[in-house]
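A short worksheet on the structure shown next.
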Amino acid sequence: MAAESAAVEFRIDRRSGVATYLQIVQQTKQALRLGVLEPGDRLPTAREVVEATAINPNTVLKAYRELEREGLVEARRGLGTFVRRTLGGAAGATAADAPLRTELTDWARRARAAGLERDDVAALVTAVLDGTYNTPSTHSSHEGEQER
């Protein structure tokens, strides 16, 4: 019997404007960062992904080739595609991010209760992340002023 696939389910948003294969790459990387996927885990086969998402098998293979090119997974002939390494601080992230995850979960529940749809929440989070990570931090700019 073949090795069991890791607990990762790809969700394809055809309205997102993001290429389908890139959605698979991004979702795999997210699973690696969060520790959902770990070294040795087998990704779902192309057939399993096609059955779950109704996308072209070549799209799945393209995504897996990209992940392999980046050194994140490796294809083993006749066995499947396996995770080679994690991303970010996934090894110890679960303990370190537990309080933040709890706060974020509570916030997401409040947003849902307030009537926000998943896409609304995603847009809001993306806007906040962009504003936080794409601008110099105020702490850094103050430090620079003090040094002058």
Going residue by residue through region 37-48, is there one that turns out to be without any contact (Cβ under 8 Å) to a residue 24 or more places away in the chain, closer than 28 Å to Ala123 by Cα and either more than 14 Å from the chain's Cα centre (by Cα) or in a helix (DSSP H, G or I) (or both)? no
I need the full set of residues from region 115-130 which are over 21 Å from Arg11 (Cα atoms) and either open to solvent by 80 Å² or more (accessible area, probe 1.4 Å) or among the polar types (S, T, N, Q) (or both), in order please. Val128, Leu129
Mind checking which helices (runs of 4 or more DSSP H) fall wholly inside region 87-148 and carry at least 1 residues that are at pLDDT 85 or above? 98-113, 118-133
If Val83 satisfies every condition in (1) more than 13 Å from Val8 (Cα to Cα); (2) in contact (Cβ under 8 Å) with a residue 60 or more places away in the chain; (3) crowded, with 16+ Cβ neighbours inside 10 Å but one, which is the exception? (1)
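The values are calculated or read from the model by the stated rules, or taken from the named source; none is laboratory data. Everything numeric here is computed off the predicted structure, so don't read it as measured data. Every residue, glycine among them, receives a Cβ derived from its backbone with ideal geometry; neighbour counts consider all protein chains shown. Protein only, heavy atoms only, side chains kept; ligands, DNA and RNA dropped before computing areas. Shrake-Rupley method; radii C 1.70, N 1.55, O 1.52, S 1.80 Å.
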